[in-house]
Amino acid sequence: MAIKLPVFKHYDQQQILALPPSLEELIPAAHPVRVVNEVINKLNIEPLLKAYNIRGSSSYHPQMLLKVLVYGYVTNTYSSRKLAAACKESIYLMWLSSMSYPDHNTINRFRGVRLKNALRSVFEDVVKLLADEGLLSIEEVNTDGTKIEANANKYTFVWKKAIATNKGKMAKQLEEIWQYAQQVATEEDKMPEPPDFTTIDSSKVNATVELLNEKLAGKQDVGKKTKAKLKYATKHYPVNIIKYEQQEAILKERNSYSKTDQDATFMRMKEDHMKNGQLKPGYNVQISTSNQFIVNYTIHSNPTDTNTLRTHLAQHEASFGKAPQVLIADAGYGSEENYMLLEQREVTAFVKYGMFDKEQNETHNNKHPFAANKLFYNQEKDCYICPMGQPMDYIGTSTRETSTGFEQTLKRYQAKNCANCPLNGACHKSKGNRIIEINENLNRLKQKAHTLLTSEEGIERRKKRCFDVEPTFGNIKQNHGFKRFMLRGLEKVEIEWGLIAIAQNLRKKAA
């Protein structure tokens, strides 16, 4: 009886094909690589060509390298070494590169140097192409930010507060030595009046150390401790003060930076695995989205979203010629300065202010019945009525400057006879008569925002924002594993995020 054997399909690695297949035939019609190829073929690459010299040996075509980089970011391949290897292993990258094999140095140099002045225009062209296809709106955007870790050592940091402390110790030590020198100085060698050590700089430190050495040199009655202090100051203070000034020049308005990436600031990250609020060097990435397509992006060393909107809006205007007609954002952007900015640009702003969500809660509203915003205002007499029915008269105006230099104007009103009031202690906690400060312009802007946010359109737009801009960040960080920049420095980080943004848009188009 014959034994039946299983039947297998023909398998012969040495089989020669009469008509070998082309790479074109191996790429599925609906594959994302075709979307990358199609879109980049439509782009104006003239800005890219300017990054190349006319003389010298031939270079890989920038259009090919751009396709390779973008497709790499589409498929979560962010390393130049892995991309170089994939050009020899992946049929998709072989097809895109037309069987070219750029090495990792070529890819990295193209990304970090050649794209520096051209990537923004490439991104803008992609956005405009998608807008022409009706996939997104440039006029109506949702804005939000997230913190992404920098490629920097989290243990090599510089803090502004530490510099101020060290400079304070330096000033105190110099002042003590100066006072000692005044005590032991003779009539012929009398010390001048001490300099103002409230603020110190390199010229003041050098002049002080030089004068102290001159006055105390050769004196036999100078104490050993003072000699040791002066010797230490002479050796270290001129060098240290120069170092502190250089660090302050790098810091500018920031509170910290990393020594391995001086543009990165220490921030609190959402990815806090130790649950201890550890600060890490990172960047504040701001994006505006429409239908989960990224319309605009900016990178900031400032961790506060509130202070990023002006730059972000200016970038939108530079990219597309005008500000968006409608902008939706959360309470992180709801400041007087931002409301004024949006009003001046004639942008319809569905932007929450800090207490908006709590104001929708009746329980919260009942917790503070004597708050300033609950008091009745008599417009004719320009006074507020306190909880006991007594007028609080206008006593003047004060101004306050924010960290960004924006000037706020506040009107002050004061109550009378608070000491004998039965509500004293419940109405307010201050010892004298109660004083309230009213920012009329901010109240007007908040009322305008409240009206927009609580309208039917506002409620609908607020709901849409939650599943538009936030999932875009979630998709990039969680689904595609981009939680840390690979390049260092603000310029290169902007290039890297630009590639991420293009990749996000092309993935969305291909979906």
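Would you check which residues across segment 352-392 are assigned to a loop (DSSP other than H, G, I, E, B) and in contact with a Pro (Cβ under 8 Å, 6 or more places away or on another chain) and list them? Within segment 352-392, PRO369, PHE370, LEU375, LYS381, PRO387, MET388 meet the criteria.
If you filter segment 23-55 down to residues that are under 25 Å from TYR73 (Cα atoms) and out of contact with any helix residue (DSSP H, G or I) (no Cβ under 9 Å at 6 or more places or on another chain), you find that the one that is modelled with the highest pLDDT is GLU38. Any residue at all in segment 406-426 that is assigned to a loop (DSSP other than H, G, I, E, B) and under 30 Å from GLY145 (Cβ atoms)? Yes; the residues of segment 406-426 include at least one that is assigned to a loop (DSSP other than H, G, I, E, B) and under 30 Å from GLY145 (Cβ atoms). Taking segment 458-473 on its own, how many of its residues are farther than 30 Å from GLY498 by Cβ and free of Cβ contacts under 8 Å to residues at least 12 places away in the same chain? Looking only at that region, the number is 2.
Among the residues of segment 33-48, those identified as over 23 Å from LEU487 (Cβ atoms) and not in a loop (DSSP other than H, G, I, E, B) are VAL33, ARG34, VAL35, ASN37, GLU38, VAL39, ASN41, LYS42, GLU46. Pairs are defined by a Cβ separation below 6 Å, a sequence spacing of at least 6 or placement on different chains, a first member in segment 419-439 that is within 12 Å of CYS386 (Cβ to Cβ) and in the same structural domain as LYS374 (by TED's automatic domain parsing), and a second member that is assigned to a loop (DSSP other than H, G, I, E, B) and among the charged types (D, E, K, R); the pairs so defined are HIS428/ARG434. Which one of the conditions (1) in a loop (DSSP other than H, G, I, E, B); (2) closer than 30 Å to ARG114 by Cβ does ALA30 fail to meet, given that it meets all the rest? So the condition that ALA30 fails would be (2). If you check TYR11, TYR78, TYR101, TYR60 for being without any contact (Cβ under 8 Å) to a residue 24 or more places away in the chain, part of a loop (DSSP other than H, G, I, E, B), of a type outside the set (D, E, K, R) and surrounded by 11 or more Cβ atoms within 10 Å (Cβ to Cβ), only one passes: TYR101.
If I filter segment 141-176 down to residues being basic (Lys, Arg) and more than 15 Å from ASN240 (Cβ to Cβ), which single residue comes out as surrounded by the fewest Cβ atoms within 10 Å (Cβ to Cβ)? Steps first, please.
Just the residues of segment 141-176 that are basic (Lys, Arg), to begin with: 147, 154, 160-161, 167, 169, 172.
Now restrict to residues that are more than 15 Å from ASN240 (Cβ to Cβ): 147, 154, 160-161.
On the way: LYS147: 18, LYS154: 16, LYS160: 16, LYS161: 9.
Applying the filter and picking the extreme gives LYS161.
Rundown of residues vs (1) charged (D, E, K, R); (2) within 29 Å of the chain's Cα centre (by Cα); (3) modelled with pLDDT under 95, yes/no style:
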position: ASP125; (1), (2), (3): yes, yes, no
position: THR143; (1), (2), (3): no, yes, no
position: ALA150; (1), (2), (3): no, yes, no
position: GLY168; (1), (2), (3): no, no, yes
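In segment 195-204, is there at least one residue being modelled with pLDDT of 90 or more, under 45 Å from the mean Cα position of the chain (by Cα) and hydroxyl-bearing (Ser, Thr, Tyr)? Yes, that holds for at least one residue. Considering only residues in segment 252-300 that are surrounded by fewer than 22 Cβ atoms within 10 Å (Cβ to Cβ) and of a type in the set (Gly, Ala, Ser), the one that is farthest from SER403 (Cα to Cα) turns out to be GLY277. Considered as a group, the residues in segment 467-511 that are touching an Asp or Glu at 6+ places or on another chain (Cβ under 8 Å) and among the aromatic types (Phe, Trp, Tyr) include one that is surrounded by the fewest Cβ atoms within 10 Å (Cβ to Cβ), and that residue is PHE473. Looking at segment 272-295, is at least one residue under 22 Å from GLN408 (Cβ atoms), in the same structural domain as ARG462 (by TED's automatic domain parsing) and either in contact with a strand residue (DSSP E or B) (Cβ under 8 Å, 6 or more places away or on another chain) or assigned to a loop (DSSP other than H, G, I, E, B) (or both)? For segment 272-295, residues under 22 Å from GLN408 (Cβ atoms), in the same structural domain as ARG462 (by TED's automatic domain parsing) and either in contact with a strand residue (DSSP E or B) (Cβ under 8 Å, 6 or more places away or on another chain) or assigned to a loop (DSSP other than H, G, I, E, B) (or both): absent. For LEU83, the requirement of being touching a Pro at 6+ places or on another chain (Cβ under 9 Å), surrounded by 22 or more Cβ atoms within 10 Å (Cβ to Cβ) and in a helix (DSSP H, G or I) is met. Restricting ALA318, ALA372 to residues that are under 23 Å from LYS411 (Cα atoms) and either outside the structural domain of MET392 (by TED's automatic domain parsing) or among the aliphatic types (A, V, I, L, M) (or both) narrows the list to ALA372. Taken residue by residue, segment 475-483 has at least one member that is polar (S, T, N, Q) and either within 17 Å of the chain's Cα centre (by Cα) or within 17 Å of LYS147 (Cβ to Cβ) (or both). Scanning segment 409-434 for residues that are surrounded by 14 or more Cβ atoms within 10 Å (Cβ to Cβ) and within 15 Å of ALA372 (Cβ to Cβ) yields a count of 11.
Scanning segment 335-374 for residues that are in contact with a helix residue (DSSP H, G or I) (Cβ under 8 Å, 6 or more places away or on another chain) and hydroxyl-bearing (Ser, Thr, Tyr), we see that the one that is surrounded by the fewest Cβ atoms within 10 Å (Cβ to Cβ) is THR348.
Go over the candidates LYS82, LYS88 one by one and state the one that is under 23 Å from GLU24 (Cβ atoms) and basic (Lys, Arg).
LYS88
Is it fair to say ASN206 is farther than 30 Å from PHE123 by Cβ, surrounded by 12 or more Cβ atoms within 10 Å (Cβ to Cβ) and not basic (Lys, Arg)? Here the answer is yes, as ASN206 does meet what is asked.
The values are calculated or read from the model by the stated rules, or taken from the named source; none is laboratory data. Treat the numbers as computed from the prediction; the structure is a model and nothing was measured. Every residue, glycine as well, gets a Cβ built from its backbone with ideal geometry; the counts of neighbours run over all protein chains shown.
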